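Novice: Below you'll find the structure I mean.
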Amino acid sequence: MTGRDISKRHPYRGYWAGVLRALFSSVIAPGSLARACGARPMAALCLCVTMIAARGGLIEDRAAAEGSASNSLPSLKNLQEGRSFSVQQRDGIAWLVKPDGGRFFSFGVCCVDMGVSRDEFDPDNSSYAAWQHYPDAAQWAEAALKRLTSWGFTTIGGWSDFRTLRQCRDPEVMFAPVLHIGSTAGAPWWDMWDPKIISRMDEVAREQITAFRDDPRLIGYYSDNEMGWWNATLFKMTLEQSPTSGQRQRLMELLRETYHSRWPELLKDFEPEGAASWQEIEQRGMLYLRPGGKGIRVMRRFLGVLAERYYSLVRGIIRKYDPRALILGDRYQSFYYPEVVRASAPYVDAVSSNLNASWSDGTFARFYLNTLHALTSKPVLVSEFYLAAMENRSGNKNNHGVFPVVATQKERATSLQHTLHALLKTPYVIGADWFQYHDEPTHGRGDGENFNFGLVDIHDQPYESLTSAAAALDLVGLKSQPRVTRPDASQGVPPAPRNPLEQLTPTLALQHWDRERGFVKPISEFPTADLYACWSKQAIYLGLYSQDIVEEAFYRNKVVPKSDRAEWAILVGRSSKPIRTRIGAGVEAIVNEPSVRIVNLSGLNLNVRNIVVMEMPAKLFGKTRFQAGEAIELSSTLLTHCQAYRVDWKGKFILRN
């Protein structure tokens, strides 16, 4: 397996990647990955688990990717406490701090590697190949680091060629590798109480950490990447384990505790398959959500149990081999479960998440990072962000995936600055890594992903507008500026754009709204959605941008029933009848008020966006038309899939020009 993460090649950008990462690398040739799992990821998952079980173990060579182990392992006694990177609060701002006391914002790049080898090069699908431009690896590494530091980057991120790059003794560049401790061993999917799984996690960590830990440029370790923490899938895979599995036994204990060992009570929330009693389900069988029940609550509680186990194991293992380096979390997959995030807090020094920008201009929903921080009280690392342009020199069509895309490289550079300015103005964000160093192959990687993500094209030529925009940023200066309160709708609702309901596509919906002045503050402590408002003479418009994780695997028939879809309710003025709409799960929205116009963009599994635009005519507010200076009252409640999470908004708002 190469230095790049298998989830970067997987067509679902990490879906199932947590368990499949090591499985595919050891049993399936990389070239067959897309054929094996592109259309039927669950079938591929089952196939690989079976093959690995037959082999009796997991094998993955990570040393070559993240750094080679030295012949003699350095002693822990040589690791001096206090001479390491740290996270500190200064004047209300979180900073990464170097061993010499200097504060910095980590601006990193993922996949800084030499591309394809001579043997791998395909002239029919051109890709980055350093051997075409440099006489040897050392000269490539020296040139790459010189470029990156001149462009303002400070850090080499995940899936980079650390073994080669570390030979350059540049003291200005820092490293933050991904260990894949859990996913290589099958955690959290397999029994995390099994000594064999724990031993494999320890082995994976040991071989990488002992190679890295004496390097003074090491910031810390990401434990994993984009594991997803898919609730329904984890629940299902746990029930499929042996009755002797510690993970399955803990699930049984939780179920008995929740339902007081009363089988009829459990049946109110779950539909069993292959079991008709407690005695039988403890030995075998499956449980699916019963439509309209409250089984999601116990499933989320179990997710928290698994997360706490994972993070405690990972921290103990990392600290066993390196008492100094920062533990940087497991890089959430541009979405997260609050239960998982909350469980991580005692065990990480920073919480990390990849950030697929909500909009193509590089901006993102406010709730995403704010709630991540609020759940943990930890600083946040954005472990990936990216943007692509249709205008590119690699021939990338940018059409195999849902990522932010603009027309020109100039727009791409502007969007990069939008993202970084927003992150630098967020006091708890301590770093962000760009994905990636070079463009993807012209016609796509093995999984088909074909995006202009690079700082350089496949011909090793920099995108100068992008790199110049990065170099122009004064990272420390911008982060040090006094905090400015962002505007919101409490200061007045802005006018609507010409057509508020247009451009309903994943990275364009609501982008043309004034999402700063139109932002409606939630009254909920841990929101999982943003609400925006605007107005015209004829109507009030509300835009909802929500994270709603819905898996087919929750249900026996793989169909999400109406009763379990997300529900959004709005009460206007002094009306006693709320407007109610069922949204999400990839099907058409249903609303109880005929005069309301509504459009909804949503999906299943990895498609976790639930975006809604609602047009409410003036008559619902007891008016014939609106005018500037008038006040409106409204309250709104969102209940996500199966009522797992609730977000509330309420207020009186003035309509402004």
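The values are calculated or read from the model by the stated rules, or taken from the named source; none is laboratory data. Only a predicted model underlies this, so the values are computations on that prediction, with no experimental measurement involved. Counting neighbours? That spans all protein chains shown, and the Cβs are built from the backbone with ideal geometry, glycine included. The accessibility values were calculated without ligands, DNA or RNA, using every heavy atom of the protein model including side chains. Shrake-Rupley method; radii C 1.70, N 1.55, O 1.52, S 1.80 Å.
Novice: Could you check S576 against (1) more than 30 Å from V298 (Cβ to Cβ); (2) open to solvent by 20 Å² or more (accessible area, probe 1.4 Å); (3) part of a strand (DSSP E or B) and say which number it fails?
Specialist: (3)
Novice: Within the stretch 359-379, work out how many residues are open to solvent by 10 Å² or more (accessible area, probe 1.4 Å), not basic (K, R) and not in a helix (DSSP H, G or I).
Specialist: 5
Novice: Within the group D122, D113, which residue is surrounded by fewer than 18 Cβ atoms within 10 Å (Cβ to Cβ) and charged (D, E, K, R)?
Specialist: Details: D113 fails: surrounded by fewer than 18 Cβ atoms within 10 Å (Cβ to Cβ).
Just a single option satisfies the conditions, and that option is D122.
Novice: Given the conditions (1) of a type in the set (D, E, K, R); (2) crowded, with 21+ Cβ neighbours inside 10 Å; (3) in contact with a helix residue (DSSP H, G or I) (Cβ under 7 Å, 6 or more places away or on another chain), and given that R163 satisfies all but one, which numbered condition is not satisfied?
Specialist: The single condition R163 does not satisfy is (2).
Novice: Continuing with the same structure: Please go through the stretch 229-241 and give me each residue that is closer than 16 Å to A185 by Cβ and open to solvent by 10 Å² or more (accessible area, probe 1.4 Å), ordered by number.
Specialist: M237, Q241
Novice: Pairs under 7 Å by beta carbon, first residue over 21 Å from F153 (Cβ atoms) in the stretch 476-487, partner in a helix (DSSP H, G or I) and β-branched (V, I, T), six or more apart or different chains?
Specialist: No pair meets every condition.
Novice: Which count do you get for residues in the stretch 125-147 that are surrounded by fewer than 16 Cβ atoms within 10 Å (Cβ to Cβ) and touching a Lys or Arg at 6+ places or on another chain (Cβ under 8 Å)?
Specialist: 1
Novice: I'm told N607 meets every condition in (1) part of a loop (DSSP other than H, G, I, E, B); (2) within 24 Å of F367 (Cα to Cα); (3) open to solvent by less than 50 Å² (accessible area, probe 1.4 Å); (4) not aliphatic (A, V, I, L, M) except one. Can you identify the failing condition by its number?
Specialist: For N607, the failing item is (3).
Novice: Which condition breaks for F403 when tested against (1) touching a Pro at 6+ places or on another chain (Cβ under 8 Å); (2) assigned to a loop (DSSP other than H, G, I, E, B)?
Specialist: Result: F403 fails condition (1) only.
Novice: Tally the residues that are hydrophobic (A, V, I, L, M, F, W, C), over 26 Å from K623 (Cα atoms) and outside any loop (DSSP other than H, G, I, E, B), restricting the search to the stretch 508-554.
Specialist: 3
Novice: Which of the residues that make up the stretch 623-642 are surrounded by 14 or more Cβ atoms within 10 Å (Cβ to Cβ) and under 40 Å from the mean Cα position of the chain (by Cα)?
Specialist: Correct list: I632, E633, L634, S635, S636, T637, L638, L639, T640, H641, C642.
Novice: Answer yes or no: is there a residue in the stretch 269-290 that is over 28 Å from the mean Cα position of the chain (by Cα) and among the hydroxyl-bearing types (S, T, Y). Before the answer, list the steps.
Specialist: Keep residues of the stretch 269-290 that are over 28 Å from the mean Cα position of the chain (by Cα), which gives 269-286, 290.
Subset that is among the hydroxyl-bearing types (S, T, Y): 277.
Yes: the stretch 269-290 contains one or more residues that are over 28 Å from the mean Cα position of the chain (by Cα) and among the hydroxyl-bearing types (S, T, Y).
Novice: Taking into account only those residues within the stretch 508-531 that are touching a residue at least 40 places away in the same chain (Cβ under 8 Å) and open to solvent by less than 10 Å² (accessible area, probe 1.4 Å), which is nearest to S602 (Cα to Cα)? Give the derivation first.
Specialist: We begin by selecting, within the stretch 508-531, every residue touching a residue at least 40 places away in the same chain (Cβ under 8 Å); these are 508-511, 515, 517, 519-531.
From what is left, the residues that are open to solvent by less than 10 Å² (accessible area, probe 1.4 Å) are 509-510, 520, 528-531.
Values: A509: 12, L510: 14, V520: 21, T528: 15, A529: 13, D530: 15, L531: 16 Å.
Here the residue is A509.
Novice: How many of the residues making up the stretch 407-434 are open to solvent by less than 40 Å² (accessible area, probe 1.4 Å) and among the charged types (D, E, K, R)?
Specialist: Total meeting the criteria: 2.
Novice: Further, regarding this structure: Out of (1) of a type outside the set (G, A, S); (2) under 14 Å from L218 (Cα atoms); (3) open to solvent by 40 Å² or more (accessible area, probe 1.4 Å); (4) touching a strand residue (DSSP E or B) at 6+ places or on another chain (Cβ under 8 Å), the odd one out for F175 is which?
Specialist: Unmet for F175, out of (1) of a type outside the set (G, A, S); (2) under 14 Å from L218 (Cα atoms); (3) open to solvent by 40 Å² or more (accessible area, probe 1.4 Å); (4) touching a strand residue (DSSP E or B) at 6+ places or on another chain (Cβ under 8 Å): (3).
Novice: Before we move on, is Y221 under 23 Å from E339 (Cα atoms), among the aromatic types (F, W, Y) and open to solvent by 10 Å² or more (accessible area, probe 1.4 Å)?
Specialist: Values: under 23 Å from E339 (Cα atoms): yes; among the aromatic types (F, W, Y): yes; open to solvent by 10 Å² or more (accessible area, probe 1.4 Å): no.
Against the criterion (under 23 Å from E339 (Cα atoms), among the aromatic types (F, W, Y) and open to solvent by 10 Å² or more (accessible area, probe 1.4 Å)), Y221 does not qualify.
Novice: Same structure, new question: Take the stretch 331-365 and flag every residue that is farther than 30 Å from K410 by Cα and of a type in the set (A, V, I, L, M). Give the derivation first.
Specialist: Kept after step one, since they are farther than 30 Å from K410 by Cα, are these residues of the stretch 331-365: 336-351.
V340, V341, A343, A345, V348, A350, V351 - these are the residues of the stretch 331-365 that are farther than 30 Å from K410 by Cα and of a type in the set (A, V, I, L, M).
Novice: Taking L655 and the conditions (1) at pLDDT 95 or above; (2) more than 34 Å from the chain's Cα centre (by Cα); (3) open to solvent by 30 Å² or more (accessible area, probe 1.4 Å), which numbered condition does it fall short on, given that it satisfies the others?
Specialist: (3)
Novice: Check every one of the helices (runs of 4 or more DSSP H) wholly within the stretch 230-342 and list those with 3 or more residues that are among the basic types (K, R).
Specialist: 246-259, 295-321
Novice: Could you figure out which of (1) under 17 Å from A232 (Cα atoms); (2) among the polar types (S, T, N, Q); (3) open to solvent by 20 Å² or more (accessible area, probe 1.4 Å) isn't true of S602?
Specialist: (1)
Novice: Let me confirm something: among Y428, Y463, which residue is in contact with a Pro (Cβ under 8 Å, 6 or more places away or on another chain), of a type outside the set (A, V, I, L, M) and either within 12 Å of Y386 (Cα to Cα) or in contact (Cβ under 8 Å) with a residue 24 or more places away in the chain (or both)?
Specialist: Details: Y463 fails: in contact with a Pro (Cβ under 8 Å, 6 or more places away or on another chain).
Being in contact with a Pro (Cβ under 8 Å, 6 or more places away or on another chain), of a type outside the set (A, V, I, L, M) and either within 12 Å of Y386 (Cα to Cα) or in contact (Cβ under 8 Å) with a residue 24 or more places away in the chain (or both) holds for just one of Y428, Y463, which is Y428.
Novice: Sticking with this one: Which one is nearest to M286 (Cα to Cα), of the residues in the stretch 529-582 that are among the polar types (S, T, N, Q) and touching a Ser or Thr at 6+ places or on another chain (Cβ under 9 Å)? Let's see the steps before the verdict.
Specialist: Quick first cut of the stretch 529-582, residues among the polar types (S, T, N, Q) only: 536, 538, 546-547, 557, 563, 575-576, 581.
Remaining after also requiring touching a Ser or Thr at 6+ places or on another chain (Cβ under 9 Å): 546-547.
Numbers: S546: 30, Q547: 27 Å.
Step by step, filter the stretch 529-582, then rank; the result is Q547.
Novice: Can I ask one more? Could you please find all residues in the stretch 182-210 being open to solvent by 10 Å² or more (accessible area, probe 1.4 Å), hydrophobic (A, V, I, L, M, F, W, C) and assigned to a helix (DSSP H, G or I)?
Specialist: First, the residues of the stretch 182-210 that are open to solvent by 10 Å² or more (accessible area, probe 1.4 Å): 190-191, 193-200, 202-203, 206-207.
Checking which are hydrophobic (A, V, I, L, M, F, W, C) leaves us with 190, 193, 197-198.
Once the filter is applied, which keeps residues that are open to solvent by 10 Å² or more (accessible area, probe 1.4 Å), hydrophobic (A, V, I, L, M, F, W, C) and assigned to a helix (DSSP H, G or I), the stretch 182-210 yields I197, I198.
Novice: Being closer than 30 Å to V382 by Cβ, crowded, with 20+ Cβ neighbours inside 10 Å and out of contact with any helix residue (DSSP H, G or I) (no Cβ under 6 Å at 6 or more places or on another chain): is that true of L355 here?
Specialist: Numbers: closer than 30 Å to V382 by Cβ: yes; crowded, with 20+ Cβ neighbours inside 10 Å: yes; out of contact with any helix residue (DSSP H, G or I) (no Cβ under 6 Å at 6 or more places or on another chain): yes.
Yes: the conditions hold for L355.
Novice: Look at the stretch 582-625 and say how many of its residues are free of Cβ contacts under 8 Å to residues at least 12 places away in the same chain and of a type in the set (S, T, Y).
Specialist: Initial filter on the stretch 582-625 (free of Cβ contacts under 8 Å to residues at least 12 places away in the same chain): 594, 623-624.
Next cut, of a type in the set (S, T, Y) only: 624.
So the answer is 1.
Novice: Quick one: in the stretch 472-507, which of the residues that are part of a loop (DSSP other than H, G, I, E, B) and either touching a Pro at 6+ places or on another chain (Cβ under 6 Å) or of a type in the set (K, R) (or both) is surrounded by the most Cβ atoms within 10 Å (Cβ to Cβ)? Lay out the reasoning, then the answer.
Specialist: Going through the stretch 472-507, the residues part of a loop (DSSP other than H, G, I, E, B) turn out to be 472-474, 481-488, 492, 494, 496-507.
Subset that is either touching a Pro at 6+ places or on another chain (Cβ under 6 Å) or of a type in the set (K, R) (or both): 483, 486, 498, 507.
Numbers: R483: 11, R486: 11, R498: 8, T507: 19.
Within the stretch 472-507, the match that is surrounded by the most Cβ atoms within 10 Å (Cβ to Cβ) is T507.
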